[in-house]
Amino acid sequence: MSSYEYWVAFVTIVTREVRRFLRIWPQTLLPPAITMSLYFVIFGNLIGSRIGDMGGFDYMQYIVPGLIMMSVIQNSYGNVVSSFFGTKFQHSIEEMLVSPMSSLIILLGFVAGGVARGVMVGAIVTALSLFFTDLALTNVLVTFAVVIMTAVLFSLGGMVNAIFANKFDDIAIVPTFVLTPLTYLGGVFYSIDLLPEFWRGVSLFNPIVYMVNAFRYGVLGVSDVDVGFSLLAIATFTVILFAYVLWLLNRGVGIRS
Amino acid sequence: MTEHNAAPMALSIRDLRKTYGGGTEALKGISLDVRQGEFFALLGPNGAGKSTTIGIVSSLVNKSDGQVSVFGHDLERERGLAKKHIGIVPQEFNFNQFEKVFDILVTQAGFYGIPAPRARERAEHYLRKLGLWEKRDSPSRMLSGGMKRRLMIARALVHEPQLLILDEPTAGVDIELRRSMWDFLIELNGQGKTIILTTHYLEEAESLCKRIAIIDHGRIVENTDMKSLLEKLHVETFILDLARPVTKAPAVEGFSVVQRDETTLEVEVPKSEALNDVFSQLTEQGYEVLSMRNKANRLEELFMRLVDRNLPEEASA
C-alpha cells in the first residue's frame with residue numbers, strides 16, 4: 001500500500017471509532033458529564049467549602065484538573081477496550097485482518113479513536129467545570145502535552161486489555177479493580193504532600209499521580225512532583241507500551257489462531 | 001490441456017502446515033495451484049482443513065510452515081500486495097451488527113486505501129448488484145440471513161479483488177437465493193475473476209466448478225478437473241420405481257439389484273456396462289419401470305468413496 005492508502009485506512013478507522021462513540025453518546029459522553037457534575041456539586045461546592053484551601057487554591061479549583069484527567073483516563077481506556085474487544089467478539093476484526101493494512105495502522109487508528117473520546121470528554125468536563133469555578137491555563141504546552149500523552153497511554157492500556165480479554169468480564173476487571181483505585185489514590189482529590197511519609201512514598205509508584213500533577217501544573221501551576229520527570233515518565237511508558245502492543249498485534253496474539 | 005493452463009497462478013500453496021496450540025495437526029503439508037480465471041472447488045468433510053487453509057490464505061490463521069502466494073506475491077514477504085488481490089466471504093457472519101449496510105462497505109473499502117468518494121460509488125454499485133440498495137441505511141443486524149450472505153459477498157468485492165474465496169457461501173440459504181448466487185458467481189467468473197469455493201453442496205461444486213480438490217484429514221486426497229474426477233466413478237447407483245409391487249428383487253445378470261421397498265429397486269451399474277441391459281432383462285421378466293433417478297449426486301458418491309478410503313482405522317472400525 002502507498003502512504004496515501006495507509007492514510008486513507010487510518011482515517012477510516014478513526015472515522016468509524018468516532019462515529020461509534022458519537023452514535024452511543026448516552027453511554028459514552030453523557031455519563032461522565034453527569035458523574036463529574038455530581039463531583040463538582042458534592043466534593044467541590046458542598047464538602048469543598050468546608051475543606052478550605054489546598055495547594056494555595058480553593059478546593060474546587062484544586063480538584064478540577066484531577067477530575068478532568070480522570071475523565072480522560074477512563075474514557076480513552078474505555079473506548080479502546082470496549083471497541084477493540086467488540087470487534088473481536090463480533091469477529092468484525094476479520095474485516096481489518098484480511099485487508100492489506102499493517103498492524104501499525106490498526107493500532108494508530110484505535111489509539112486515535114481512544115484519544116478522540118478522551119479529549120472530547122475532557123473538553124465536556126472542562127466546560128462543565130466553568131459553571132462552578134474559574135480556570136486559567138498556566139502552561140498551555142504542558143497541559144495539552146499531558147492530556148494527549150495520557151490519552152495515548154491509556155488507549156494503549158485499553159488495547160492490551162482487549163487483546164487478552166476472552167469475555168466481557170475480562171474488560172471490566174481492570175477498570176474496576178486497577179484503574180479506579182489508582183485514579184482515586186492518584187492525587188485527584190488531595191495533595192499527596194498531606195499523606196504520611198510512608199504513604200507518600202507508596203503513592204510515588206502510582207503512575208497516575210504524575211499525570212494528574214503534571215496536568216494540575218499546566219492548569220494551576222502547582223504540582224506535588226517534578227513536572228519534567230512526570231512528562232518523561234509518561235512518554236517513556238507510552239513508547240514502551242506502544243512497542244509492546246505492536247508486537248502483540250504483529251504476532252496475532254488474541255486475534256489470530 | 002485446459003484453457004487455463006497458460007494463465008498465471010492466482011493462488012499457489014506449497015507444503016502448507018498448521019498445528020494448533022493443542023497439538024491438533026490441521027494441515028499436513030498441502031500443495032495446491034489455482035490458475036487465474038478458474039472456478040475451483042475445495043471440498044472436504046467437517047474438520048478436514050478447508051477453513052484452516054482459507055484462514056491462512058486470508059491471514060486470519062497463522063501458518064506453522066509452508067508458502068502461500070497470490071498472483072505471484074508471497075503472503076509473508078509481500079503481504080500488502082498479496083492481500084489486495086483477495087476477497088474473502090467467510091462462513092460465519094463477521095460484520096459489526098450495529099453498523100449500517102452502506103457504512104460497512106465504505107469502511108471495508110477504506111481499509112484497502114480506497115478514498116471515501118470512490119468507496120461510496122463502489123458500495124452503491126455492489127449493493128444494487130446484490131439487491132441490497134434499499135437496505136443501505138439498515139443496521140446489518142436487521143437483515144435476513146440471505147441478505148447477510150449477500151452483504152458479505154458485496155463487502156468482499158468492494159475493493160475489486162481478482163481472487164474471490166467463498167467459504168460455504170450458500171449454507172442455509174433457500175434454493176431460489178442459492179440459484180441467484182450461483183448465477184452471480186458465474187457472471188463474476190465470466191468477467192475474469194478467479195473463484196475458489198468450499199461447499200457442502202456437492203451439486204453446487206459439480207455445477208459451478210471446473211476444477212476440484214478434496215481435502216481430508218489435512219491432506220489433499222484428490223486434485224484434478226471435474227471431468228476426470230467424475231470419470232473415476234466406476235459404479236453408479238440408480239433407483240428404479242416399478243409400476244407393480246414385487247415380493248423380491250429380480251435377478252439381473254451382471255448387475256447387483258437390491259429391493260428397497262415393494263415398488264423400488266436399487267441397481268448398481270458399472271461404467272463398463274450399458275444401462276439398456278438392465279431394462280432389457282427387467283422387461284423380459286415382465287417388470288415395468290415407471291421412472292429412474294440417481295441414488296446420489298455423482299460427485300457425492302465419489303466424495304464418499306474418497307473420504308471413506310481415507311478414514312483413520314479407529315473411525316472406520
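Things worth noting here:
- Taking other C-beta atoms within 10 angstrom as a stand-in for reagent exposure, A:TYR62, A:TYR244 fall in the order A:TYR244, A:TYR62, fewest first.
- Net +/- balance of residues flanking B:THR264 in space, Cβ distance below 15 Å, scoring K and R +1, D and E -1: -1
- GNM on chain B, alpha-carbon springs under 10 angstrom: the most fluctuating residue among B:GLY87, B:GLY172, B:GLY72 is B:GLY172.
- Amide H contacts for B:LEU197 (H built 1.01 Å from N in the peptide plane; partners 5 or more residues away or on another chain; cut-off under 5 Å): B:PHE40, B:ALA41, B:LEU42, B:LEU166.
- Between the listed residues A:PHE10, A:ALA145, A:GLY201, the Cα displaced farthest toward the positive end of the dipole of region A:3-251, a dipole computed from Cβ unit charges relative to the Cα centre, is found at A:PHE10.
- If you run the Gaussian network model on chain A, springs between alpha carbon atoms under 10 Å, then out of A:ARG20, A:ARG50, A:ARG216 the most flexible one is A:ARG50.
- Measuring max minus min along each principal axis, the C-alpha atoms of region A:1-101 give extents of 60, 28, 17 Å (largest first).
- The fewest-to-most ranking of B:ILE214, A:ILE34, A:ILE47 by surrounding Cβ atoms within 10 Å reads A:ILE34, A:ILE47, B:ILE214.
- J(HN,Hα) series, region B:106-111, from Karplus relation 6.51 cos²θ - 1.76 cosθ + 1.60, nearest Hz, glycine and proline x: 5, 5, 4, 4, x, 4
- Here the protein assembly as shown carries DSSP beta bridges of which approximately 70% are antiparallel, counting only pairs with both residues inside.
- Phi angles of region B:123-139 translate, via the Karplus equation with coefficients 6.51, -1.76, 1.60 and θ = phi - 60°, into HN-Hα couplings of 4, 5, 4, 6, 5, 5, 4, 9, x, 10, 4, 5, 9, 4, 9, 7, x Hz per residue; Gly and Pro are given as x.
- Full extension of the segment from B:TRP133 to B:ASP74, taken as 0.36 nm per residue of separation minus the current Cα-Cα distance, would add 17.6 nm.
- Hz values of 3J(HN,Hα) by residue in region B:195-211 - Karplus curve (6.51, -1.76, 1.60), Gly and Pro given as x: 10, 10, 10, 10, 7, 9, 8, 5, 4, 4, 5, 5, 6, 9, 9, 8, 10
- Remark: the protein assembly as shown carries a charge dipole of roughly 1420 debye about the Cα centre, counting +1 on each Lys and Arg Cβ and -1 on each Asp and Glu Cβ.
- GNM flexibility winner over chain A from A:THR150, A:THR183, A:THR133 (Cα, springs under 10 Å): A:THR133
- The residue list B:LEU229, B:PRO8, B:VAL257 was ranked by how far each Cα lies along the charge dipole of chain B toward its positive end, using unit charges on Cβ atoms, and B:PRO8 comes out on top.
- Averaging the Cα positions of each part gives two centres, and for region A:196-236 and region A:108-150 these lie 17 Å apart.
- Label sites at A:SER257 and A:ALA33, each approximated as a point 7 angstrom past Cα along Cα to Cβ, lie 4.5 nm apart.
- Put simply, the amide H of B:ARG260, placed in the peptide plane, has neighbours under 5 Å in B:LEU265, B:GLU266, leaving out anything fewer than 5 places away on its chain.
- Cα-based helix-to-principal-axis angle, B:298-309 vs chain B, degrees rounded to 10: 90 degrees
- Applying a length cut-off of 18 Å (Cα extent along the axis) and a mean Kyte-Doolittle floor of 0.0 to the DSSP H helices of chain A leaves A:3-23, A:59-89, A:103-129, A:140-164, A:207-220, A:227-251.
- A simple charge model with +1 on the Cβ of Lys and Arg, -1 on the Cβ of Asp and Glu and nothing else charged puts the dipole of region A:152-247 at about 140 debye relative to its Cα centre.
- Distance between modelled label sites at A:TRP25 and B:ASP33, nm, 7 Å Cα→Cβ extension: 5.9 nm
- Taking amide H positions as modeled 1.01 Å from N, with prolines and chain starts lacking one, the residues under 5 Å from B:GLY66 and 5 or more places away or on another chain are B:ARG17.
- Peptide A:242-248 shows a mean partner chain C-beta count of 0 within 10 Å per residue C-beta.
- FRET efficiency for the pair A:VAL202 and A:PHE177, taken as 1/(1 + (r/R0)^6) with r the Cβ-Cβ distance and R0 = 22 Å, rounds to 0.80.
- Among the residues of B:90-100, the average count of other protein chain beta-carbon atoms within 10 Å of the residue beta-carbon is 4.
- Counting neighbouring beta carbons within 10 Å and listing from fewest to most, the residues A:ARG200, B:ARG178 come out as A:ARG200, B:ARG178.
Where a number appears in this text, it was derived from the coordinates with a stated rule and is not lab data. What you are looking at is a predicted structure, and each value in this text was computed from that prediction instead of being measured. Glycine also receives a Cβ, built like all others from the backbone with ideal geometry; neighbour counts cover every protein chain displayed.
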